[in-house]
Amino acid sequence: METLPLGFRLQDRPCLVVGGGDIAARKASLVLRAGARVTLVAPEVLPSLRADIKAQGGTVQLRRFQEDDVVGNVLVIAATSDEAVNAAVSQACQARSIPVNVVDAPALCTVIFPAIIDRSPLLIGISSNGVSPVLARRLRGRIESLIPAAYGRLASLLGEFRKQAKQHFPDASARRQFWESVLDGPLPELVFGGREAEARQQLAGLLENPAKPPSGEVYLVGAGPGDPDLLTFKALRLMQQADVVVYDRLVSAPILDLCRRDADRIYVGKARADHALPQEDINGLLVRLAREGKRVCRLKGGDPFIFGRGGEEIEELADAGIPFQVVPGITAASGCAAYSGIPLTHRNHAQSVRFVTGHLKDGTPDLPWAELVHPNQTLVLYMGLVSLGPIREQLLAHGLPISTPVAMISRGTTPQQQVVTGTLQDITDKLAATPLPAPTLIIVGDVVTLRERLNWFRD
Ligand code: SAH
């Protein structure tokens, strides 16, 4: 870290601003907002700036800067257009260990101003350490748009009850769980909707009458096919809340990185035929962790209810009376189709789409083949790579034309995505020529031909 961001308490404390133009005005307005008593020194000063400073009990001295102007100030800002003056201010401060900021001259600063998002009492500062203020400001713009203006009011309200909460929950982790459950509940929406009195009442009630300690909970979250941008807001929020993350092989590393930093991570594997933990043990693990009072994020690739055995996991939770939530994810079929330019349905090519597992019991295909060979239907095969040979034979035997287009999409939506296209005639030869790493999805149907015109993702 090149600098350490700290909050500077300036209420009623003396600050010096050297300079009286636009830039000085911008900096002065920040220290004035923080309640500083400002002395401004400059031969000339904008009338509005002068008025602002006077309104807050400060003084304006219309003259040139002198070295001992800095004495007695807790913060000094140099914002003149004269480099020599700026340098003199910096030197005078540094000789006396007074924090100094010189506008547009990082080398002369001992403190720098971040771009600020003000949701007082909540404050966010973003700094590029002078390397690219424009980048920092852009980032500020994006974060501004994510945080409702009323967040400040919410923070103030929670602050009112801080002491009381400490008394009710002396244990820090129980206290945190209490606050988390408050924030997960309806209270924030009450504040955002301007019903603060009601929110205050509700919070007082919760503290007077603390419900039994928050129990554990399981979030069954679909992490999508790989690209972290395809997570839902809800998935991300729960991933950042959970105390434990239980994940399997299909969850990509960049997605795992988005989980709460200090959350425990438990890998439960599941490469084909190499089950790191048998399904029954995973189900049991979820129950045990939740009973310990943990918030567990069960993170699964794609959508948890599509070939994800998510149903079995929550069945056991339901039987054990453990609360859970299910968050849908983008399933591999949607992700791979979008990122390979293959619409799953199309007015001229396919009026229906079927998702089928290619994971065949004992290697023997027992799928309703007759239903799978309908014209104008797209077939999506999950876990089908290993059984592609027998699947192809069955489709042909049940009447699908040998010219039917096929696409195989490996590691779809990630930077490692690879797509191989062909027809039922040549697809197995093509696969032999280009072995594809797992996971791979297979799409069968006329829609595959659209890829030629519609692909947009470099792969
Ligand atoms: N619940 C998951 C599917 C789990 S089954 C979902 O909704 O996507 C595992 C199979 O999903 C793999 O064998 C592969 O066929 C497919 N799959 C998952 N992610 C994939 C990806 N990024 N690219 C290609 N196929 C994927």
- Query: Roughly how many Å² is the accessible area per residue of segment 150-208, as a whole number, for a 1.4 Å probe?
  - Reply: 58
- Query: Hey, what angle do you get for helix 172-184 against the long axis of the chain, alpha-carbon based, 0 to 90 degrees rounded to 10?
  - Reply: 80
- Each label point is 7 Å from the Cα along the Cα-to-Cβ direction; what then is the distance between the points at residue 345 and residue 146, in nm? 3.4
- Note on the structure: Toy charge model, Lys and Arg Cβ at +1, Asp and Glu Cβ at -1: segment 336-454 dipole around Cα centroid in debye, rounded to 20, equals 340
- Message: Please compute the length gained on full extension between residue 8 and residue 51, using 0.36 nm multiplied by the number of residues separating them and subtracting their Cα-Cα distance.
- Response: 13.1 nm
- How large, in percent, is the carbon and sulfur part of the accessible surface of the chain at a probe radius of 1.4 Å? 53
- Item | Cα gyration tensor shape for the chain, rounded if a/c is under 1.5, else prolate or oblate | prolate
- ³J(HN,Hα) across segment 433-442 via Karplus (A = 6.51, B = -1.76, C = 1.60, θ = phi - 60°), whole Hz, x for Gly/Pro? 6, 10, x, 10, x, 6, x, 10, 10, 10
- Message: Considering only C-alpha atoms, what is the centroid distance from segment 311-361 to segment 32-82, in Å?
- Response: 63
- Quick one: which residues, 5+ away or cross-chain, put their amide H under 5 Å from the amide H of residue 37? H built at 1.01 Å from N. 12, 13, 15
- Query: Relative to the present Cα-Cα distance, how much length would full extension add between residue 453 and residue 135 at 0.36 nm per residue of separation?
  - Reply: 110.9 nm
- Rounded to the nearest 0.05, what FRET efficiency do residue 192 and residue 67 have when you use their Cβ-Cβ distance and R0 = 51 Å? 0.50
- Note on the structure: With all protein chains in place and a 1.4 Å probe, residue 77 shows an accessible area in Å² (nearest 10) of 0
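Accessible area per residue, 1.4 Å probe, Å², for segment 217-330: what's the number?
Here the residues of segment 217-330 average 45 Å² of exposed surface.
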- Message: Can you find, among 373, 194, 36, the residue sitting farthest towards the positive end of the charge dipole of the chain, where Lys and Arg contribute +1 and Asp and Glu -1 at Cβ?
- Response: 36
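Relative contact order for the chain: what is it in percent, counting Cα pairs under 8 Å that are at least 6 residues apart?
9
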- Plugging the Kirkwood radius over Cα pairs into Stokes-Einstein for segment 14-113, at a temperature of 25 °C and a viscosity of 0.890 mPa s, what D comes out in µm²/s? 190
- Query: Taking the Cα centre of each part, how many Å lie between segment 148-181 and segment 362-403?
  - Reply: 57
- Item | Total charge dipole magnitude, the chain, about the Cα centre, Cβ charges on Lys, Arg, Asp, Glu only, Debye to nearest 20 | 1180
- Shape of segment 217-330, Cα gyration tensor, a/c cut at 1.5: rounded
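The values are calculated or read from the model by the stated rules, or taken from the named source; none is laboratory data. What you see is a predicted model, and the numbers here were worked out from it, not measured in a lab. Glycine also receives a Cβ, built like all others from the backbone with ideal geometry; neighbour counts cover every protein chain displayed. Please note that ligands, DNA and RNA were not included when accessible areas were found on the heavy atoms of the full protein model with its side chains. Shrake-Rupley method; radii C 1.70, N 1.55, O 1.52, S 1.80 Å.
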